[in-house]
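Data first, discussion second: the structure below is written as structure tokens.
The values are calculated or read from the model by the stated rules, or taken from the named source; none is laboratory data. The model shown is predicted, which means the values in this text are computed figures rather than measured ones. Counting neighbours? That spans all protein chains shown, and the Cβs are built from the backbone with ideal geometry, glycine included.
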Amino acid sequence: MVNEARVRRIGDRIQQELSLVLQRKVADTRLAMVTVTAVDVDRELAYATIYITALGEEDRMNEVLRALEGARGYLRRELAARVRLRSFPQLRFRWDFSQERGARIDELLDILKSERAGGEGETGEG
């Protein structure tokens, strides 16, 4: 097993290198404007879970994930050549919903704030 700091550094490096590979080496148009938002590597370095998002949001989710699954072997080879590890982790791709969740939370907070502001005015008049 590897310590947490090293696992985090490996994940960060995989994220940087994968972003470069997707920008410069992948010709698949389905992977245009894809952003790697995070990479979680398990402590055994067996799996790297890669969180992605893309312009067009959820409309493109299935096509982007299918394209990444199809390119998994190529991407793993490219990354293994750039990030030297004894055994390179298997890649798993997941859609990152955190931006949508964050936007929804902001929307709900704005609604609560406006309701609270409206409710205070009513109680002050009575």
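Tabulated results
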| item | result |
| --- | --- |
| Selected residue (criterion: modelled with the lowest pLDDT) from residues of segment 47-62 that are crowded, with 20+ Cβ neighbours inside 10 Å and small (G, A, S) | A54 |
| Residue within segment 78-91 that is assigned to a strand (DSSP E or B) and either touching a residue at least 12 places away in the same chain (Cβ under 8 Å) or among the β-branched types (V, I, T) (or both) present | yes |
| Residues of segment 73-97 classified as among the charged types (D, E, K, R) and within 16 Å of the chain's Cα centre (by Cα), total | 3 |
| Failed item, numbered, when I111 is tested on (1) at pLDDT 95 or above; (2) surrounded by fewer than 12 Cβ atoms within 10 Å (Cβ to Cβ) | (1) |
| All positions within segment 21-46 that are exposed (fewer than 13 other Cβ atoms within 10 Å of the Cβ) and either touching a residue at least 24 places away in the same chain (Cβ under 8 Å) or among the charged types (D, E, K, R) (or both) | R24, K25, R43, E44, A46 |
| Filtered residues of segment 47-69 (kept if in contact (Cβ under 8 Å) with a residue 40 or more places away in the chain and either farther than 23 Å from S98 by Cβ or assigned to a strand (DSSP E or B) (or both)) | Y47, A48, T49, I50, Y51, I52, T53 |
| Single match in S98, S87 (criterion: surrounded by fewer than 14 Cβ atoms within 10 Å (Cβ to Cβ) and within 19 Å of V7 (Cα to Cα)) | S87 |
